[in-house]
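Everything on this sheet refers to the single structure shown next.
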Amino acid sequence: MISLKYLDLKSVPCPLNVVKIKLALEKLSKNEQLIVELDKGEPEEMVLKNLEEMGCFYEQINEYEKILKIKILNEN
């Protein structure tokens, strides 16, 4: 069974949002998923770039005018 964790990073500046996601991913068990909400623009670019560099699988769930919601799968 897959469980979901939630992380609200709206209004969290770079690179703090990247650090918070890395810490949250370290705490996830295998096959847990992390739902993250973050601001569009620089935070979105930095987070997605870092997730790709870390080899994480993620998908966009929702996109609003100023907010992006993504799901990250922890396969480690």
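The values are calculated or read from the model by the stated rules, or taken from the named source; none is laboratory data. Since the model is a prediction, treat every value here as computed from it, not as a measurement. Using ideal geometry, Cβ is built from the backbone for each residue, glycine included, and neighbour counts are taken over all protein chains shown.
Spot the failing condition for LYS40; the list is (1) free of Cβ contacts under 8 Å to residues at least 24 places away in the same chain; (2) basic (Lys, Arg); (3) touching a strand residue (DSSP E or B) at 6+ places or on another chain (Cβ under 8 Å), and only one is missed.
Result: LYS40 passes all but (1).
Here is a list: GLU52, GLU45. Which entry is under 12 Å from the mean Cα position of the chain (by Cα) and under 15 Å from LEU73 (Cβ atoms)?
GLU52
Against the definition (modelled with pLDDT of 95 or more, closer than 13 Å to ILE67 by Cβ and not aliphatic (A, V, I, L, M)), how does LYS10 come out, yes or no? Give the derivation first.
Values: modelled with pLDDT of 95 or more: yes; closer than 13 Å to ILE67 by Cβ: yes; not aliphatic (A, V, I, L, M): yes.
Yes.
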